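Quick notes on the structure that follows.
The values are calculated or read from the model by the stated rules, or taken from the named source; none is laboratory data. Predicted model, so just to flag it, every value in this text is computed and none were measured. Backbone-built Cβ (ideal geometry, glycine too); neighbour counts: all protein chains shown.
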Amino acid sequence: MTSSQEQSAQRRVGIVGCGQLAQMMAQEARPLGIEFSFLAEGGENTTCVEGLGTIVHASEGADIEELYKAMGSPEVITAERESVDVGLLRALEKFCPVYPRPDAFEKTQHRVREKTAINDAGLPVAPFRPANNYDEICAAVKELGYPSFIKSCEHGYDGKNQWRVNSDADLAAIADQVPAQEYVVEKGINFSREVSLIGARTADGKVVTYPLAENDHYNGTLLVSTAPAPHVDEKLQTTAQEYLSTLMNAWDYVGVLAMECFVSDDGLLINELAPRVHNSGHWTLAGAKTSQFANHVRAILGMPLGETGCDRVAVMINMLGVDKKPALQNEGVWSYGKELRPGRKMGHVILLDDTQDALAARIDSMLEELYGPSKRPA
């Protein structure tokens, strides 16, 4: 299909969720002649997507067919987050395809199910044990050793509902912080860095991947992503691509899938997956020939996937708890239009340069402009 044909044929995509990922998906794909509607769950704030399409509010017990029609009867539905009602997605499947398929959300929104599914596909993760209460956590830590990480199976992200224990004293200190519920206990891995790979797959099995990005976190929240990741050899890139392709094919996956990995002495280990466009892929908005957002929409609509190469080195810096337009040279500032709160992802800035060394110096300066002398969020 030519560019002019794509722009002349209006199509509609429904998105469950109304945050910044839905916002950027619509902004990137609307030039293709695609219209959007958004489904807000449980009183969700819709500020990020206002003016980008029809917004429908789903109340408990709502008639699914009426919701679907209120969204303008989209030809395909997707979601911008893992923590979506899988039952709602399955109900919507009666009216149109839902991509990624609901099974992918069911796996990835629960840490034990996710790690088990990765293992079932023949791929490596850090040693882990399920636990349902403090006593079982203690037994798992004893088996795995220190350091260990305890994470709630659900509703844990950006460092929330997670604990690192390095000693018996650390373990005793969290006894009152871990109520009886589902947890995963993971063996701490000695890794040199964290990298992530973003890929997209169509329903007929075509796959594209982006260069690996290196991720730096602050207090459990992504702060900086650099792509291509520095000092990545062809073997590491190829291994990551093989992992991601294996998962997408095993799950008959459609859309963008993000895979976060540890680079360790034992090789590449998968840490987490996200069945959606991902924060570590925001650099593609200015640094790649086709953004992850545009390729996600292309994939779920069965359109040809765009090129994923990049001519220059790119970095994305999250604006955490700050909302301003930096004066330093940049390739663009994306402000999500959210209410300012400490530590909240308010937007991001992208830098491009010709070399890793030149970019590294500019990253340092940008962090200082955003966060002051500490170069870290408050």
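Brief remarks on what is shown
- Whichever residue in region 268-296 is part of a loop (DSSP other than H, G, I, E, B) and of a type in the set (Val, Ile, Thr) and, among such residues, is nearest to the chain's Cα centre (by Cα): 277
- In the condition set (1) over 18 Å from the mean Cα position of the chain (by Cα); (2) farther than 30 Å from residue 119 by Cβ, residue 265 is compliant with all but (2).
- A count restricted to region 90-135 and to residues that are in a helix (DSSP H, G or I) and among the polar types (S, T, N, Q) stands at 3.
- Exclusive hit being outside the structural domain of residue 34 (by TED's automatic domain parsing), out of contact with any Pro (no Cβ under 7 Å at 6 or more places or on another chain), closer than 21 Å to residue 221 by Cβ and surrounded by 14 or more Cβ atoms within 10 Å (Cβ to Cβ), set 315, 349: 315
- Remark: pairs (first residue in region 30-55, modelled with pLDDT of 95 or more and in a strand (DSSP E or B); second residue among the hydroxyl-bearing types (Ser, Thr, Tyr) and surrounded by 21 or more Cβ atoms within 10 Å (Cβ to Cβ); Cβ separation under 8 Å; 6+ apart in sequence or on different chains) = 54/37; 55/37.
- Answer from 134, 157, 146 - the residue that is closer than 25 Å to residue 221 by Cβ, at pLDDT 95 or above and not β-branched (Val, Ile, Thr): 146
- In the set (1) in contact (Cβ under 8 Å) with a residue 24 or more places away in the chain; (2) crowded, with 17+ Cβ neighbours inside 10 Å, the condition left unmet by residue 290 is number (1).
- Any hit, region 155-175, residues being touching a Pro at 6+ places or on another chain (Cβ under 7 Å) and either aromatic (Phe, Trp, Tyr) or part of a strand (DSSP E or B) (or both): yes
- Looking only at region 60-87, and only at residues there that are more than 21 Å from residue 12 (Cα to Cα) and within 26 Å of the chain's Cα centre (by Cα), the one that is surrounded by the most Cβ atoms within 10 Å (Cβ to Cβ): 82
- Cβ separations smaller than 7 Å between residues 6+ apart or across chains give the following pairs from region 352-378 residues that are under 19 Å from residue 332 (Cβ atoms) and in a strand (DSSP E or B) to residues that are modelled with pLDDT of 95 or more and of a type outside the set (Val, Ile, Thr): 352/286; 352/287; 352/312; 352/314; 352/331; 353/312; 353/359; 353/362.
- Scanning region 330-346 for residues that are surrounded by fewer than 18 Cβ atoms within 10 Å (Cβ to Cβ), hydrophobic (A, V, I, L, M, F, W, C) and under 16 Å from residue 315 (Cα atoms) yields a single hit, 333.
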